[in-house]
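> Let me begin by handing over the structure; questions about it come next.
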Amino acid sequence: MSRSTQRKEPVSDQNYKMQFGKYSGTSIKEILEHDPTYLKWLHENTDFELHADLLELAEGLHRPVDWWDIFQLQDKGLLPK
């Protein structure tokens with residue numbers, strides 16, 4: 001499936017509001033907060049392009065929790081146990 005967004009450059013502004021789709025009228029920032037996997041899916045499956053920094057942020061926000069990192073931060077007192 002491909003949908004032209006009529007944009008020539010990748011979106012780099014978190015305040016950019018989507019012009020189509022289920023999040024039409026919603027800013028990239030809001031989508032990052034609530035559904036970052038949608039942005040990754042959109043980038044991979046349509047003509048919509050995110051700037052590399054935003055794509056990396058979206059990918060990082062939906063990665064699985066690394067429990068080892070959490071345990072280490074708890075041991076250092078940086079997170080409550």
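Bear in mind these aren't lab numbers, they're just calculated from the coordinates by the rules spelled out. This one's a predicted model, so the numbers in the text were calculated from it and none came from an experiment. FYI the Cβ positions are ideal-geometry reconstructions off the backbone, even for glycines, and counts take in every protein chain you see.
> Counting only residues 5 or more places away or on other chains, whose amide H sits under 5 Å from the amide H of Val11 once H atoms are built in the peptide plane?
Glu49, Leu50, His51
> Further, regarding this structure: So for segment 10-81, if I pair up every lysine 8 or more residues apart or on another chain, how many of those pairs have alpha-carbons under 24 Å apart? Intermediate values should be presented prior to the final figure.
Details: Lys17/Lys29; Lys17/Lys40; Lys22/Lys40; Lys29/Lys40.
Summing the qualifying lysine pairs gives 4.
> In percent, how large is the relative contact order of segment 10-81, given Cα pairs closer than 8 Å and 6 or more residues apart? Walk me through the numbers before you get to the answer.
Working: 59 pairs, mean separation 18.4, N = 72.
Computed over segment 10-81, the figure is 26 percent.
> Next question, about the same structure. Averaging over every viewing direction, what projected area does the convex hull of the Cα atoms of segment 10-81 cover, in nm²? Present the calculation step by step, with values, prior to reporting the outcome.
Values: hull surface 23.4 nm².
Projected area, direction-averaged: 5.8 nm².
> If you stretched the chain out fully between Leu61 and Phe20, how much longer would it get, using 0.36 nm times the residue separation minus the C-alpha to C-alpha distance? Please list the in-between numbers first.
Numbers: separation 41, 0.36 × 41 = 14.76 nm, distance 2.26 nm.
Gain in length upon complete extension: 12.5 nm.
> Could you sort 36-42, 22-28 so that the peptide with the highest average Cβ count within 10 Å comes first and the rest follow in order? The partial results should precede the final answer.
Numbers: 36-42: 17.9, 22-28: 14.4.
Packing order, densest peptide first, comes out as 36-42, 22-28.
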